[in-house]
Amino acid sequence: MSRTAGHTIKKRSDLKVVALPFVGNYRTTEWMNLGLCRNHSPETFFPSDGAGVERARKICGNCDVKDLCLEYALVEEIEHGVWGGASERERRRIKKRRRTGVA
């Protein structure tokens, strides 16, 4: 169990409920302190090849804030790197599905 943005997360499925509270222009990033990425160099999450993407994805796969991380990257329109286990290409696909309403 961990705390993020003033909410208690009991299990991974609770993360979607917590998703990025907005207050005016402020977007909380407290959840970043809980990410497994904090234990790795930034270069790990900005790979230049597919093998690097897979390494980052493995780290993200066990992370408690994976869903918040992915949502943050989508909302902020971050174009580079692996966020929440999704590559740039995967995030573009997610955004396109959301725009077209396809699940």
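Each reported figure results from applying straightforward, stated rules to the coordinates on display, with no laboratory input. Quick caveat, the model's predicted, so the values are computed rather than measured. No Cβ is skipped: glycine too gets one built from the backbone with ideal geometry, and neighbour counts run over all protein chains shown.
Just a few scattered comments:
- Among residues of region 45-103 being aliphatic (A, V, I, L, M) and in contact (Cβ under 8 Å) with a residue 60 or more places away in the chain, the one that is farthest from Asn33 (Cα to Cα) is Leu68.
- Within region 53-76, being under 18 Å from Arg92 (Cβ atoms), surrounded by fewer than 17 Cβ atoms within 10 Å (Cβ to Cβ) and over 12 Å from the mean Cα position of the chain (by Cα) holds for no residue.
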